[in-house]
């Protein structure tokens, strides 16, 4: 039995050496945020997975990747412990799989927490020259973080809902209008490729605006607001039955008479 065990061990070590020599990587696809997503769809031994994961993490770090996602179907749950040992943590789980994540970059971790919905914020910021949390505060914060521009919330112009998007969750996107009170752009290089003030006509003429139906429609809504032919949703702070304050968004032109003027846009 001793000779048989020694032979089996030697064969396994030889197989492991071969895997290491071939430098096999886990199959992955790049996401939109500088990371990669791995979908485990075939059965493998834990030691094989550990070897491939170690090689893959080394390579992804060399390539400057950020977040690494591993989707493990329930039939491959034997690999969870290996991934956790390599630094992965649980992000979320569904009845048939678990999603693990590992932030391998030295940059600040921007992995979003799990949720049933994702909420995105976009903002039109127009200065006096005509150039181009809570939803209202999130819009201000995002613009400040990514461009360095200080702004004041004006309105929610429109919002879009879609389903089966990021990790099969529903997505809400709010397009907001902000008024700037600083103008020196300080681009956040880790988040956006470019930022500049530009005349409205130049923004509208860009192919990504004209050729994308959603962007084109949002731009038309924004221009209609500029021409004072459109009213979006302003804010007011209102108390719940438990005296907790929250923002209510409404059309102040049609319902503004219900509230004192000073209560519009969150003032009290």
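In this calculation the C-beta distance from residue 244 to residue 161 is compared with R0 = 25 Å, giving a FRET efficiency of 0.50. Site pair residue 58 and residue 253 shows an inter-label distance of 6.4 nm when each label is modelled 7 Å from Cα along Cα→Cβ. Averaging the Cα positions of each part gives two centres, and for the stretch 195-215 and the stretch 74-101 these lie 42 Å apart. Site pair residue 24 and residue 92 shows an inter-label distance of 3.1 nm when each label is modelled 7 Å from Cα along Cα→Cβ. When the alpha-carbon atoms of the stretch 19-103 are used, the pair Rg, Dmax equals 12.1, 37 angstrom.
The ranking of 176, 55 from fewest to most other beta carbons within 10 Å of each one's beta carbon is 55, 176. From least to most packed, judged by other beta carbons within 10 angstrom and beginning with the fewest, 246, 51 follow the order 246, 51.
Exposure proxy shown here: for 140, 185, the number of other Cβ atoms within 10 Å sets the order, fewest to most, as 185, 140. Rounded to the nearest 0.05, the FRET efficiency derived from the C-beta distance between residue 150 and residue 170 at R0 = 35 Å is 0.65. Placing pseudo-labels 7 Å out from each Cα toward the beta carbon at residue 196 and residue 214 gives an inter-label distance of 2.6 nm.
Each value in this text was obtained by applying a stated rule to the coordinates, not by laboratory testing. These figures come from a predicted structure and were not determined experimentally. Don't worry about glycine lacking a Cβ; one is built from the backbone with ideal geometry, like all the others, and counts go over all protein chains shown.
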